[in-house]
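Student: Next up is a structure, given as structure tokens.
Throughout, read-outs are computed from the coordinates displayed, never taken from laboratory work. Keep in mind the model is a prediction, meaning the values are calculated, not measured. For neighbour counting, all protein chains shown are included, and Cβ atoms are generated from backbone atoms with ideal geometry for every residue, glycine included.
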Amino acid sequence: MTHQSHAYHMVNPSPWPLTGALSALLLTSGLIMWFHFNSKTLLLLSMLSNLLTMYQWWRDIVREGTYQGHHTTIVQKGLRYGMVLFIISEVFFFSGFFWAFYHSSLAPTPELGGCWPPTGVFTINPLEVPLLNTSVLLASGVSITWSHHSLMEGDRKQMIQALTITILLGIYFTLLQISEYFEASFAISDGVYGSTFFVATGFHGLHVIIGSTFLLVCLLRQFNFHFTSNHHFGFEAAAWYWHFVDVVWLFLYISIYWWGS
Amino acid sequence: SSRLSPLYLLPPQVSQALTRFFSSSARHGFQNRVAEKQKLFQEKNDLPVHLKGGTTDHFLYRLTMVVTLGGTAYSLYCLGWASFPHKK
């Protein structure tokens, strides 16, 4: 019987990288079939295969860490580096959309009336729902910090309460944004104003939904006693991601909603 | 609940439900079963982690492979179809 003499994690062979890559193929070919030939079959298959892959891959990581003990200190360090690098890549992703916004808004073309906001665009009042949204996300940043400290101090009940509040605030933000999208007097097709507004805020909203889902998974894991007071990296990763989502919103609020109005 | 807690402002059905939900006692369902899972996933049976949980694992694995491999085959068929002109 052989045992390793190092603290690193040699993973079992897994089918999920392959199924994930194939689901990306189905997504891209599915988009072509939908755009050009009005067929949604491949797209639906891509979403199903993507969901199945994500569920099983992350389920396996929980098994490897919590049930098999593979997440030693050095392995956890690697996971931390990984999450940091991923969030940095997301910063670059959003930077592109902010670049596009400032490119168009700092030097508005004659077609827009030479001004920003463009002629005929009635912007959303930044002191109404957008300000509420800002307070909702800032409050959620406080509640997730409360949850983390409760976890580190071994206070199970408060950790669950604070995490639940954080998730509810995330859902509240999403519902408010959806209602704002319906109420807006402009659409994504309304020139470069519409494009920059809805692509930037839309991707942000998607990230709020992803972050809320990640937090919900942490809540379920906490119910099942997965986290200890000094080993809970999944929760920390979710908290980092959540703070990132909050910071992106602050940039959106200041740039697009406030300066851009 | 005591008059010091804002819970007393709510109707008793609501305040009791909230108290029960956030209570840390084991009575209402969530018990620490991590040790059982650790035993299951550390059993020396040479199963890879993605199949080690039981029959549901095998079912989900097969379902995922069918969807992805079947979908890939279908996407190649679509590519073949889209590559040729079709009379409208």
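Student: Working only with C-alpha atoms, what are the Rg and Dmax values of the stretch A:105-209, expressed in angstrom?
Tutor: Cα radius of gyration and Dmax of the stretch A:105-209 are 18.3, 61 Å respectively.
Student: Based on other C-beta atoms within 10 Å, arrange A:249, A:258 from fewest to most.
Tutor: Working: A:249 24, A:258 15.
Lowest count first: A:258, A:249.
Student: With 25 Å as the cut-off, how large is the P(r) tail for the protein assembly as shown, expressed as percent of Cα-Cα pairs?
Tutor: 66 percent
Student: Can I ask one more? Mean-square fluctuation check for chain A, GNM, Cα pairs under 10 Å: which of A:134, A:73, A:166 is largest?
Tutor: With Cα springs under 10 Å in chain A, the top fluctuation among A:134, A:73, A:166 is at A:73.
Student: Here's something else I'd like to know. Assign unit charges at the C-beta atoms only (+1 for Lys and Arg, -1 for Asp and Glu), then state the dipole size of the stretch A:74-256 relative to its Cα centre in Debye, rounded to the nearest 20. Intermediate values should be presented prior to the final figure.
Tutor: Values: 5 positive and 10 negative charges, 134 e Å.
Computed charge dipole of the stretch A:74-256: roughly 640 debye.
Student: Okay, moving on. When you have a sec, figure out the Kirkwood radius of the stretch A:1-70 from all distinct Cα pair distances and drop it here in Å to one decimal?
Tutor: So the Kirkwood estimate lands at 14.2 Å.
Student: Sticking with this one: Where in the stretch A:48-64 does the label zone of residue B:66 land, with the point 7 angstrom along Cα→C-beta and an amide N cut-off under 18 Å?
Tutor: A:48-53, A:56
Student: For chain A, what's the relative contact order in percent, using C-alpha pairs closer than 8 Å and at least 6 residues apart?
Tutor: Values: 220 pairs, mean separation 50.3, N = 261.
After rounding, I find 19 percent.
Student: If each of residue A:168 and residue B:46 carries a label point 7 Å out from its Cα toward its Cβ, how far apart are those two points in nm?
Tutor: The two pseudo-label positions are separated by 5.3 nm.
Student: Still on this model: Which value, in Å³ per residue, describes the convex hull spanned by the Cα atoms of the stretch A:74-256?
Tutor: Numbers: hull volume 19.2 nm³, N = 183.
So the per-residue Cα hull volume is 105 Å³.
Student: Work out the mean other chain Cβ neighbour count within 10 Å for the residues of A:4-17 and drop it here as an integer. Please report the intermediate quantities before stating the final value.
Tutor: Working: counts 0, 0, 0, 0, 0, 0, 0, 2, 7, 3, 3, 7, 3, 0.
Across A:4-17, the average partner-chain Cβ count within 10 Å equals 2.
Student: Under a crude label model (7 Å from the Cα following the beta-carbon direction), how far is residue A:21 from residue B:58 in nanometres?
Tutor: 2.8 nm
Student: Please arrange B:78, A:218, A:115 by how many other C-beta atoms lie within 10 Å of their C-beta, fewest to most. Don't jump to the answer; show the numbers that get you there.
Tutor: Values: B:78 18, A:218 27, A:115 10.
The order, fewest Cβ neighbours first, is A:115, B:78, A:218.
Student: I would also like to ask the following. Can you sort B:57, A:60, B:46 from fewest to most other Cβ atoms within 10 Å of each residue's own Cβ? Write out the running numbers ahead of the final one.
Tutor: Details: B:57 19, A:60 22, B:46 7.
If I rank by nearby Cβ atoms, fewest first, I get B:46, B:57, A:60.
Student: Peptide A:150-159: average number of partner chain Cβ atoms within 10 Å per residue? Could you put the intermediate results ahead of the total?
Tutor: Numbers: counts 0, 0, 0, 0, 0, 1, 3, 4, 2, 1.
Shielding by partners across A:150-159 averages 1.
Student: Follow-up question, since we're still on this one. Give me the inter-chain shielding for A:18-28: mean count of other chain Cβ atoms within 10 Å, whole number please. Could you put the intermediate results ahead of the total?
Tutor: Values: counts 4, 6, 2, 2, 8, 5, 0, 5, 7, 0, 1.
So the per-residue partner count for this stretch is 4.
Student: Let me ask something else. What nm distance separates the two modelled labels at residue A:74 and residue A:213, each placed 7 Å from Cα along Cα→Cβ?
Tutor: 3.4 nm
Student: Counting only helical runs of four or more DSSP H residues, what would the 222 nm mean residue ellipticity of the protein assembly as shown come to if each run contributes -39,500 (n - 2.57) and the total is spread over all its residues?
Tutor: Values: 10 runs with 230 residues, N = 349.
Roughly -23000 deg cm²/dmol at 222 nm, from the helical runs in the protein assembly as shown.
Student: Positive end of the dipole of the stretch A:74-256, charges at C-beta (+1 Lys, Arg; -1 Asp, Glu), about the Cα centre: which of A:138, A:203, A:154 has its Cα farthest in that direction?
Tutor: Working it through, the farthest residue towards the positive pole turns out to be A:154.
Student: I've got another one for you. Placing +1 on the Cβ of each Lys and Arg and -1 on the Cβ of each Asp and Glu in chain A, which of A:100, A:261, A:49 has its Cα farthest towards the positive end of the resulting dipole?
Tutor: A:49
Student: May I pose another question? Can you figure out the FRET efficiency of residue A:81 with residue A:122, using R₀ = 51 Å and their beta-carbon distance, to the nearest 0.05? Before the final figure, lay out the partial values.
Tutor: Working: r = 46 Å, r/R0 = 0.90.
It comes to 0.65.
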